[in-house]
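Read the structure below first, then the notes.
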Amino acid sequence: MAEDRIFQLSLTRRYQRASARTEITCVGMSPTSSTLASAFSISATPNTGQSWVELFELSSQKAYIKAAGSHAALGPTGAGKSRVATIRDWALQVGQGVQYHHGSTVLVRDFSTGNTVVELKEAVTQPVVWSRDGIAIAAGEGNGRMGVWDARTGARVGRVVSHIDKITHAAFMPDHQLVTLSRDGTVRISDPKTAKTVSKLEIEGSGSTNPRLLAVCCSGRTIVSLWGTTVHIWLPQANHLTSYNLNTTRATEGWPLCISPDTRWMLSRTEYGFDVTDVASGTIAWENRENGGFDSMVTAASISKDSKVVLLGRLNGSVEVWDLGEERVVEKPRRDRGRTSWSG
């Protein structure tokens, strides 16, 4: 019987703000200290279905522009001040209440002014992710491919072409290699400059066509992904994989929404509120039970780069900021139920 280090968490709601009249479909924060971070929420207009990105300062709640877009990614400090990449969908009004979607593009904007800085040609779909130094942006091209562009000039600098189905998630390694999840059942680490695969993990089982979440730690040594209800903790340099099914570690059903950037925590919606899981052990480290109705259900979540702030979006259009703290460390015996480890 092994021992787990269980972190005792505390979460305290700092504030709630009314962001939209409809469901919040996505939230996110800039990858910097939570005291300096900007944030966004995305919601859709009921009549037209047009998605809008609302941007604001996390600490002061100062509001910035509201930009049309179905997806957003805030840039790191190295990208320049107030940078956000958004997917802009172009549509034609062909009749009363009828729109024809004829294309998408990825725009990099200065969200303090609303001005477009650069357009990424042939970038048409998510995922959209920044490199950690802010120099490059990766975005979907369709047909199981991703492109990488210079974030300052918009020039293409690389591609990922080896997947045979849709890429759903992506994240940069510190050295600009790109980690991707695809519905073809693989996790790939690719060098976009050569378009060659550096390392590959093949997912087996019923969840292999259902990639749901991805996080890569700051050193690039640990890659955590969620496929169906199975968590995979992959250490590619050590050629080691640990996997477990959430159904064997959770007492109640949960719907995971995000993994923290340091790969330590996973936040899930539950039928009673939301909870935070320790990724390493699969145990619930903190749980919030609420008495609200269905309209207060948590629909989107993000954890800050320093794991000190949680951003939530709800079905009723509200956005909440919670402060996350670690109180103490408890060591207790662990039963390795449902856990599989493999080393090559």
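The values are calculated or read from the model by the stated rules, or taken from the named source; none is laboratory data. Just so it is clear, the structure is predicted and the values come from calculations on it, not from any experiment. Methodologically, a virtual Cβ is constructed for each residue, glycine included, from the backbone with ideal geometry; neighbour enumeration extends over all protein chains shown.
Some observations on this one:
- In region 274-301, of all residues being in contact with a helix residue (DSSP H, G or I) (Cβ under 9 Å, 6 or more places away or on another chain) and in contact (Cβ under 8 Å) with a residue 24 or more places away in the chain, the one that is surrounded by the most Cβ atoms within 10 Å (Cβ to Cβ) corresponds to 277.
- Search result, residues across region 80-99 that are among the small types (Gly, Ala, Ser) and either in a strand (DSSP E or B) or modelled with pLDDT of 65 or more (or both): 80, 82, 85, 91, 95
- Checking each residue in region 175-222 for being more than 16 Å from the chain's Cα centre (by Cα), hydroxyl-bearing (Ser, Thr, Tyr) and not in a loop (DSSP other than H, G, I, E, B) picks out 186, 190, 197, 199, 206, 208, 209.
- Count of region 148-164 residues which are more than 17 Å from residue 194 (Cα to Cα) and under 20 Å from the mean Cα position of the chain (by Cα): 1
- The residue pairs whose first member lies in region 243-254 and is under 17 Å from residue 273 (Cα atoms), whose second member is of a type in the set (Ser, Thr, Tyr), and whose beta carbons are closer than 8 Å, counting only pairs six or more residues apart or on different chains, are 250/277; 252/270; 252/272; 253/270; 254/268; 254/270; 254/277.
- Qualifying residue in region 237-253 (condition: at positive phi and surrounded by 18 or more Cβ atoms within 10 Å (Cβ to Cβ)): no
- Counting residues in region 45-55 that are in contact with a Gly (Cβ under 9 Å, 6 or more places away or on another chain), polar (S, T, N, Q), part of a strand (DSSP E or B) and without any contact (Cβ under 8 Å) to a residue 40 or more places away in the chain gives one or more.
- Residue within region 35-43 that is modelled with pLDDT of 95 or more and β-branched (Val, Ile, Thr) present: yes
- In the set (1) over 19 Å from residue 224 (Cβ atoms); (2) of a type in the set (Lys, Arg); (3) modelled with pLDDT of 95 or more, the condition left unmet by residue 337 is number (3).
- Of the residues in region 161-177, at least one is closer than 21 Å to residue 305 by Cβ and in contact with a Phe, Trp or Tyr (Cβ under 8 Å, 6 or more places away or on another chain).
- Per the listing 199, 260, 182, 225, the residue uniquely surrounded by fewer than 17 Cβ atoms within 10 Å (Cβ to Cβ) and among the small types (Gly, Ala, Ser) is 199.
- For region 302-321, the set of residues classified as in a loop (DSSP other than H, G, I, E, B), farther than 20 Å from residue 215 by Cα and either in contact with a helix residue (DSSP H, G or I) (Cβ under 6 Å, 6 or more places away or on another chain) or charged (D, E, K, R) (or both) consists of 315, 316, listed by residue number.
- Identity of the residue in region 37-66, of a type in the set (Gly, Ala, Ser) and surrounded by 21 or more Cβ atoms within 10 Å (Cβ to Cβ), that ends up nearest to residue 107 (Cα to Cα): 51
- Region 315-343 residues that are on the phi > 0 side of the Ramachandran plot and of a type outside the set (D, E, K, R), paired with ones that are at pLDDT 75 or above and not in a strand (DSSP E or B) (beta carbon under 7 Å, 6 or more apart): 317/19; 317/20; 317/21; 317/22; 317/23; 338/248; 338/249
- Check on residue 264, of a type outside the set (S, T, N, Q), on the phi < 0 side of the Ramachandran plot, out of contact with any helix residue (DSSP H, G or I) (no Cβ under 6 Å at 6 or more places or on another chain) and modelled with pLDDT of 95 or more: yes
- Filter result (over 27 Å from residue 278 (Cβ atoms) and either at pLDDT below 95 or of a type in the set (D, E, K, R) (or both)) within region 189-237: 191, 193, 196, 200
- When the residues of region 165-174 are filtered to those that are under 18 Å from the mean Cα position of the chain (by Cα) and in a loop (DSSP other than H, G, I, E, B), the one that is nearest to residue 241 (Cα to Cα) is 173.
- Here the strands (runs of 3 or more DSSP E) wholly within region 223-299 that include at least 3 residues being within 15 Å of the chain's Cα centre (by Cα) are 223-227, 255-259, 265-270.
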